[in-house]
Every structure is written in structure tokens, then in C-alpha cells.
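Encoded as C-alpha cells, the structure appears first; notes follow it.
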Amino acid sequence: MNEPVKPLAPGRREATVEVHRPTPLAPMPSVPVVPVQPGTIPAVTSIVLPDGRVVTGYALEPAKAEPVAAKPPVSRAAVNIALGGIGFGAVCGGLFLLTAFVTALTALITQLVTLAAVIFGGWVAVQVFSASGHRGVNTFHIRKAVFKRNHFHG
């Protein structure tokens with residue numbers, strides 16, 4: 001089987017190839033074997049194959065599906081109660097969100113009014129405390145101010 005190695009061109013390699021040949025199996029003896037079963041075991045089915053082998057197994061009965069029990073009908077009152085509960089939950093959730101929105105809006109308005117009061121108060125303080133250096137159109141003195149019938153006369 002070994003052949004002499006031929007020289008190859010420089011830079012080329014030859015791949016090594018192995019050949020495997022399958023070995024045939026010896027034929028099985030065609031002696032039928034029939035098992036003897038005791039009376040308490042269920043019946044066994046045996047099949048003789050063409051090559052003489054015997055395949056033995058228990059016969060299986062096809063599985064039968066359990067009959068489906070009929071569902072009791074659902075009353076319309078139960079359906080209405082369930083849908084009413086779902087609707088009530090949705091309304092409560094919506095009212096909760098509305099309340100939270102109104103609360104947040106009130107807090108925002110309160111903060112904006114407070115910010116405006118602080119800015120206006122700071123502007124008034126700057127006007128009052130910077131009035132000592134010069135007399136301008138916007139300058140006024142708190143001590144000289146007179147309130148008559150809830151009106152400011154400066």
C-alpha cells in the first residue's frame with residue numbers, strides 16, 4: 001500500500017490521505033426466540049423482523065382524552081359587577097391623578113407669587129436704601145409717607 005514519495009515543486013506540500021474501508025458485520029443467526037410470559041403480566045406483542053430477529057414489547061392502548069366538563073354559564077349580574085368594579089377603579093385613579101395635578105399646580109403658583117414678592121421687595125429695599133445719595137423720580141421716603149383712607153400719599 002505504501003507508494004514511493006514523489007518529489008514536489010519547491011514551496012508546495014502534499015496532503016496526507018487515509019482511506020478507511022468499513023468491515024461488514026456477520027449475519028445474525030435466524031433462530032426465533034419466543035419468550036414465555038406468566039399469566040399476571042399483560043399480553044406481549046412479538047414481531048419477527050426479516051433478518052430473523054424478534055422484537056418484543058407490550059401492546060399500548062391509545063390514550064383517550066378526558067371529557068371536558070361543561071363550564072357553568074356566567075351570569076350577567078356577575079359580569080356587570082366585575083365591569084363596574086373595573087370602571088370604579090379607573091375613576092378613582094383618574095381622580096387621584098387630578099388631585100395630584102391640582103396640588104402640584106397650586107404649589108407652583110405659590111412659589112411664583114413668593115418669587116415675585118421677594119424680587120419686588122428687593123427692588124423696594126434698593127430704592128429705599130439708595131435714596132440718600134440723590135433725588136430721583138422714583139425716590140420716596142417711608143417716614144414722610146402718609147396713608148389717608150387706605151391710599152398712599154407721598
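Each reported figure results from applying straightforward, stated rules to the coordinates on display, with no laboratory input. All values reported here derive from a predicted model rather than from experimental measurement.
At a glance:
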quantity: Inverse of mean 1/r across different Cα pairs in region 66-125, Kirkwood, Å; calculated: 16.6 Å
quantity: Stretch gain in nm, segment Val34-Leu105, where the contour uses 0.36 nm per residue and the Cα spacing is subtracted; calculated: 16.3 nm
